[in-house]
Amino acid sequence: MSVDTETVLKIANLSRIAISEEEAERLKPELNAILGWVEQLGEVDTDGVEPMAMVIANRTRMRDDVVTDGSDTGGNRRDDILANAPLAEHGFFAVPKVIE
């Protein structure tokens with residue numbers, strides 16, 4: 001696939017990027033090179049290769065799921081936390097109504 005100047009200008013317009021005709025001419029070979037690399041990736045034989053999310057085998061570090069109030073002393077800190085809220089009602093953060 002090859003990109004021409006008109007296509008570069010259309011892509012820029014869809015991206016809401018203002019570029020001049022000269023900038024489009026300068027970007028044309030760069031976009032063609034990128035598309036060439038993508039075409040090369042399509043030629044790679046991936047049969048028998050397991051899909052992976054990460055290159056490095058990382059394990060998620062797990063901790064005990066223990067409910068705390070966030071303090072080291074273990075006391076009830078609700079009033080301290082709600083003191084930072086612009087508006088609190090009945091022991092909860094109050095937020096403006098979104099749906100009527």
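Numerical summary
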quantity	calculated
Check on residue 87, touching a Phe, Trp or Tyr at 6+ places or on another chain (Cβ under 9 Å) and modelled with pLDDT of 90 or more	yes
Residue match in the stretch 56-70 (condition: surrounded by 10 or more Cβ atoms within 10 Å (Cβ to Cβ) and acidic (Asp, Glu))	yes
All positions within the stretch 1-18 that are surrounded by 13 or more Cβ atoms within 10 Å (Cβ to Cβ) and within 26 Å of the chain's Cα centre (by Cα)	8, 10, 11, 12
Of residues in the stretch 25-59 being of a type in the set (S, T, N, Q) and not in a helix (DSSP H, G or I), the one farthest from the chain's Cα centre (by Cα)	46
Any hit, the stretch 46-53, residues being on the phi > 0 side of the Ramachandran plot and among the small types (Gly, Ala, Ser)	yes
Residue 47 surrounded by fewer than 10 Cβ atoms within 10 Å (Cβ to Cβ) and out of contact with any Leu (no Cβ under 7 Å at 6 or more places or on another chain)	yes
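The values are calculated or read from the model by the stated rules, or taken from the named source; none is laboratory data. Nothing here was measured: the structure is a model prediction, and the numbers come from that model. No Cβ is skipped: glycine too gets one built from the backbone with ideal geometry, and neighbour counts run over all protein chains shown.
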